[in-house]
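Sharing a structure, written as structure tokens. Questions coming.
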């Protein structure tokens, strides 16, 4: 440091007595004068004053100074001041260095000597450092005049209106369907007791009508990039399923919606519909459909039947509309309402509370009700397509495929070899479970739509159909042949195959059975055969099954009914030989089994127990161990799997023959009815694509959004309604066993539904909307906007007092939060402005507990700033709404520090509200009333105050998504979780990210006047930048030496300002100079030393360290 060209001026500030009262400034100046390259060292009382700055300017000009050091207060306060002084004298501002000897020396100790010694060390460090500093050039970047305001509460509204009034464009983004924020939930505002809606609504309306504001409600910022003056934001506009341009806000849709869920706006005190507007004054005045995805029941159904939809309508007594919902998917309400294996009920969320909804029984109820009142004949579907489709087989798969295709406009013909249509539904399921008239009714409905069903018409050659002009064929012939046991003498007289037996019984043919019947198998066919045998007169019927009862694949309720009807279960047993005499069955020999390891089905494998054979004397054996495909009944040329089923593409269900598709049991092997229906529907999609020339696989299988989180809060345990059944002594014939629900029972059961998906897709709103504004095809949209500045006004959330167990919230009735009380007392609230207890009566005494969650080391140490005043407001409103009521205020300290706040306190006090100084210890229930226990610190005694209602004045805390917002916009947060401002006094709206401002309660708890003032301040800062047109970008930034960069990207991942990007082509990192804040994180992290920090070079830092060690 002996360069004679370097001339450094050092200036020591007294700062009145802030520094000089502890630090010997004259001694520091004298010390500085002796440092290398120091041309002049001075001490002055106030360096920040104009005379102080003139000292610097004059010395630069007169003494030729080319470096300046000022030792004074914090650089946050006056670095800009001194830099400007240097620049005005012609010295580059980066040749200036500032030392903080106030906060770092004089304010932290009373030891004058040590403070002076440290001040000298810091000045020495600055002098050594400034010697190596180099001039840097800043640059100007243009400022985009558009502004993004995030959050539509009063802060966002105020800021948006002020900026828009200047003629500049504002994008106002709000995640809720309406702007208004928490202020729209309030009744009155303290201390003037203005109606909150009365003063807020005009501003909301102004936002809606202001041409310079583009309002984006029900939207969120999902991506953000750029730098001050030139930001880009990607905004997700969530699907409302309501056309904003068409909706008139008439509310007719809301009236017909059958779904009710707790209202978020009213904090669960009342319900709202699935299509809703948060509150009557909402802006925009547009309804929103809350569609959260497929409910678990619908997702579990192989056919995708909308169970929530018809359940919701049943709960409202809309039975005709309910069956219309089901028929949008398939026509088998009566069939599936009786024989479906109901996987929907297995996944039903209600089962996690008590028992699943009786979904299958409700489905049956719809069909029964329609038959009772008389079904209207279906209107024929319009034929809009020329290509004819042939379907071979009229079981559930074939009929489901025909149903979907005819509704799409195709001419459809079903070919059935049997005398009557229905397949398994008619011939394989006994009428005590599925009466023929139910099957007839639902097949008639399909025929009425235009499907031509030809019975007694087997098809042997596919070419015959193609030659007749059919362009596509669907094979749904089922698996109609029983599987044999593979044991000796199973073809003896008296041994019957279950499918043959059930077909004969269902066709009304005479079946000769002895008194003793054994059914082999554990599935539904086995249980059906056993119960049919009992009804046909067999005295002793047994089911022999090789596994345990718990592993029987049959429907559990069917097994229960079989046992009640006197059918015996021989479990863990299997036949090994049919014993005969002259070819006639006499008995069967069985062997005991034990369960081993699980097999491919997931069930434990049965293993014979050696030497455990035993005989059963029987007259008949019915074999029901499975079904297989009879290839002789199918056309030639088809390929098969190793299991003997038809081979098809797993996605399209097309066979090896073009234009020929197949599904149901012929492909899957024996399955349940709903799986066959699903296969028929999937084949209909493929056939439509095939005939339309569309790729058969594109977009398949479709991905659906399934609801995974369903709130159970507040759900009362209520038992599932039991299905009424026919008494045992009346089951001698084939009368239906399950009797079905009546209307009252069905409604009661349907009301148990949790409405997991919220919107049930019932389409009732679409019918009611005369403006045709409902659009179920709407999808989330993404919009990118370019802005110069961003104002974050995301607000706060109310502290949840549930963890404070002793106050009883959520546990004791009539303990409410302050915001819940606001909604209750509001004229448009859930109680119409009446303060009511849970039993509907008015409270005579109300206890209001201050600082719940605030000023508490267990939760939030900070004061929320508004609780005292809104608590006193409640005290006034209680007495105003309930004449003669008594209000108690339990407080720690009263902080009435705003304009007219103290006067308001005196007013409430004069009205008779009782103030008790002391935080309550707990709230208990005694003799039907709440008792607040506390210490009255002014009276120096313990008190127990009986009250009817307790209001908890809860803290204001950061929103639950504050982490995501902070990460998105690169915002810092203070220890309390709120967004951190640049300076708490001098710059309370700006942040360390230039061009991004924080206002309102997202920055700290505050009342409405302070929020509005802060929003206006941020708007003024934005307008100043817009007016200037350009902004200066800091020159003290990082730079990358691309020759040394290895492309490891460590710096990119660590940069808190997302200022570093990676050039994939050159495989090097680059710094965006406008985004970089010169924090130095990347410089320290770079393993190859490729990044240097301008104004913070290694040489400068090492010199500073050397200087401080003086």
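Readers should treat all values here as calculations from the given coordinates under stated rules, not as data from a laboratory. Keep in mind that what you see is a predicted model, and the values were worked out from it rather than measured. Glycine also receives a Cβ, built like all others from the backbone with ideal geometry; neighbour counts cover every protein chain displayed.
Given the convex hull over the Cα atoms of the stretch 308-458, what projected area results after averaging over all orientations, in nm²? List each step's numbers first, then the result.
Details: hull surface 38.8 nm².
Answer in nm², one decimal: 9.7.
May I ask for the distance between the Cα centers of the stretch 416-431 and the stretch 988-1024, given as a whole number of Å?
With the stretch 416-431 and the stretch 988-1024 each reduced to a Cα centre, they are spaced 74 Å.
Compute the whole-percent fraction of alpha carbon pairs in the stretch 513-615 spaced more than 20 Å apart.
Numbers: 2198 of 5253 pairs.
Beyond 20 Å sits 42 percent of the P(r) for the stretch 513-615.
Residue 975 label point, 7 Å along Cα→Cβ, cut-off 20 Å on backbone N: hits in the stretch 838-863?
Only 853-863 fall inside the zone, counting backbone N under 20 Å.
Still on this model: With a/c under 1.5 counting as rounded, go ahead and sort the stretch 422-521 into rounded, prolate or oblate using the C-alpha gyration tensor (a ≥ b ≥ c being the square roots of the eigenvalues; past the cut-off, prolate if a/b is larger than b/c, else oblate).
Numbers: a/c = 3.19, a/b = 1.62, b/c = 1.97.
In terms of gyration-tensor shape, oblate.
Follow-up. Project the alpha carbons of the stretch 307-360 onto their principal axes and report the range along each, largest first, in whole Å.
Cα spread of the stretch 307-360 along its principal axes, largest to smallest: 30, 25, 15 Å.
Taking only the C-alpha atoms, wrap a convex hull around the stretch 152-200 and report its volume per residue in Å³ as a whole number.
With only Cα atoms used, the stretch 152-200 gives 81 Å³ per residue.
Given an 8 Å cut-off on Cα distances and at least 6 residues of separation, report the relative contact order of the chain as a percent. Intermediate results must be reported in sequence, preceding the final value.
Working: 2394 pairs, mean separation 152.2, N = 1110.
Here the relative contact order equals 14 percent.
So what is the calculated 222 nm ellipticity per residue for the chain, using -39500 (n - 2.57) for each DSSP H run with n of 4 or more, over all residues, to the nearest 500 deg cm²/dmol?
Working: 32 runs with 324 residues, N = 1110.
Result for the chain: -8500 deg cm²/dmol, rounded to the nearest 500.
Given N residues in the chain, what is Rg(Cα) / (2.2 N^0.38 Å)?
Values: Rg = 40.6 Å, N = 1110, 2.2 N^0.38 = 31.6 Å.
So the chain has a normalised radius of gyration of 1.28.
Next question. Rounded if a/c is under 1.5, else prolate if a/b is larger than b/c, else oblate: which is the stretch 435-479, with a ≥ b ≥ c the root eigenvalues of its Cα gyration tensor? Present the calculation step by step, with values, prior to reporting the outcome.
Numbers: a/c = 2.78, a/b = 1.80, b/c = 1.54.
Cα axes put the stretch 435-479 in the prolate bin.
Moving on to the next point. Roughly how many Å is it from the Cα centre of the stretch 778-814 to that of the stretch 207-250, as a whole number?
19
Once you place label points 7 Å from the Cα toward the Cβ at residue 372 and residue 549, how far apart are they in nm?
The two pseudo-label positions are separated by 3.4 nm.
P(r) for the stretch 799-955, please, calculated from all Cα pair distances in 5 Å bins and given in %.
Going out from 0 Å in 5 Å bins, the stretch 799-955 shows 2, 9, 20, 23, 23, 15, 7, 1, 0 percent.
Rounded to the nearest whole Å³, what is the per residue volume of the convex hull around the Cα atoms of the stretch 633-708? Before the final figure, lay out each step's value.
Working: hull volume 9.2 nm³, N = 76.
That works out to 122 Å³ per residue.
Compute the helix-to-body angle for 75-88: its Cα long axis versus the longest principal axis of the chain, expressed 0 to 90° and rounded to tens.
Value to nearest ten degrees: 60.
List the pair-distance distribution P(r) of the stretch 912-1013, using every Cα-Cα distance, as the percent of pairs falling in each 10 Å bin from 0 up to the bin containing the longest distance, rounded to whole percents.
13, 30, 17, 21, 16, 3, 0
Computed FRET efficiency, Cβ-Cβ of residue 861 and residue 748, R0 45 Å: what is it to the nearest 0.05?
My answer for the efficiency is 0.35.
Where both residues lie in the chain, what percent of DSSP beta bridges are antiparallel, nearest 5? Each step should come with its number before you reach the end.
Details: 74 of 157 bridges.
Just about 45 percent of them are antiparallel.
Does the stretch 552-596 come out rounded, prolate or oblate, given a ≥ b ≥ c as the square roots of the eigenvalues of its C-alpha gyration tensor, rounded meaning a/c under 1.5 and, failing that, prolate meaning a/b above b/c? Please report the intermediate quantities before stating the final value.
Working: a/c = 3.33, a/b = 1.58, b/c = 2.10.
Note, shape of the stretch 552-596 comes out oblate.
As I understand it, the value is the acute angle between the Cα axis of helix 524-535 and the longest principal axis of the Cα atoms of the chain; what does it come to in degrees, rounded to 10?
Between the helix axis and the principal axis of the chain, the angle is about 40 degrees.
Moving on to the next point. Can you pull the semi-axes for the stretch 669-771, root of five times each eigenvalue of the Cα gyration tensor, sorted largest first, whole Å? Walk me through the numbers on the way to the answer.
On the way: eigenvalues 255, 142, 52 Å².
Equivalent ellipsoid semi-axes, largest first: 36, 27, 16 Å.
Still on this model: Can you tell me the length gained on complete extension of the stretch residue 386 to residue 504, counting 0.36 nm per residue apart and subtracting the Cα distance? If you can, show how the numbers build up before the last one.
Values: separation 118, 0.36 × 118 = 42.48 nm, distance 4.02 nm.
Length difference between fully extended and current span is 38.5 nm.
Round to the nearest 10 and give me the degree value, 0 to 90, for the angle of helix 867-881's Cα axis relative to the longest principal axis of the chain.
Rounded to the nearest ten degrees, it is 60.
In the stretch 481-626, what percentage of the DSSP-assigned beta bridges are antiparallel, given to the nearest 5? Mind showing how you got there, number by number?
Details: 16 of 34 bridges.
If I count the DSSP bridges inside the stretch 481-626, around 45 percent turn out antiparallel.
I've got another one for you. I'd like the projected area of the stretch 8-136, averaged over all directions, using the convex hull of its alpha carbons. Report it in nm² with one decimal.
It is 6.6 nm².
Any idea how far apart residue 1102 and residue 460 come out in nm if each label point goes 7 Å out from Cα toward Cβ?
10.0
Could you give the length gained on full extension between residue 960 and residue 436, defined as 0.36 nm per residue of separation minus the Cα-Cα distance, in nm?
On the way: separation 524, 0.36 × 524 = 188.64 nm, distance 5.74 nm.
Net length gain for the segment: 182.9 nm.
Using square roots of five times the C-alpha gyration tensor eigenvalues, list the equivalent-ellipsoid semi-axes of the stretch 976-1110 in whole Å, biggest first.
Each semi-axis is the square root of five times an eigenvalue, giving 35, 19, 15 Å.
Continuing with this model, one more query. What is the spin-label model distance, in nm, from residue 62 to residue 924 if the labels are put 7 Å beyond Cα along the C-beta direction?
Calculated label separation equals 8.2 nm.
Give me the number: length gained by fully extending residue 717 to residue 104, i.e. 0.36 nm times residue separation minus the C-alpha to C-alpha distance, one decimal in nm.
Numbers: separation 613, 0.36 × 613 = 220.68 nm, distance 6.39 nm.
The residue 717-residue 104 span can extend by a further 214.3 nm.
Can you give the FRET efficiency to the nearest 0.05 for residue 812 and residue 944, using r as the Cβ-Cβ distance and R₀ = 22 Å?
So, using R0 = 22 Å, E works out to roughly 0.90.
Oh, and also: Compute the distance from the alpha-carbon center of the stretch 131-172 to that of the stretch 858-891, in whole Å.
Using only Cα atoms to place each centre, the spacing works out to 39 Å.
Looking at the stretch 799-955, what % of its DSSP beta bridges pair antiparallel, to the nearest 5? Kindly include the intermediate steps, with their values, before the conclusion.
Numbers: 12 of 29 bridges.
Percentage antiparallel, nearest 5: 40.
Using the Kirkwood formula over every pair of different C-alpha atoms, what hydrodynamic radius in Å results for the stretch 1035-1094?
Its Kirkwood hydrodynamic radius stands at 11.0 Å.
I need the calculated FRET efficiency for the pair residue 1085 and residue 252, taking r as the beta carbon distance and R₀ as 56 Å, to the nearest 0.05. Don't skip to the end; give the middle numbers.
Numbers: r = 61 Å, r/R0 = 1.09.
Efficiency at R0 = 56 Å is approximately 0.40.
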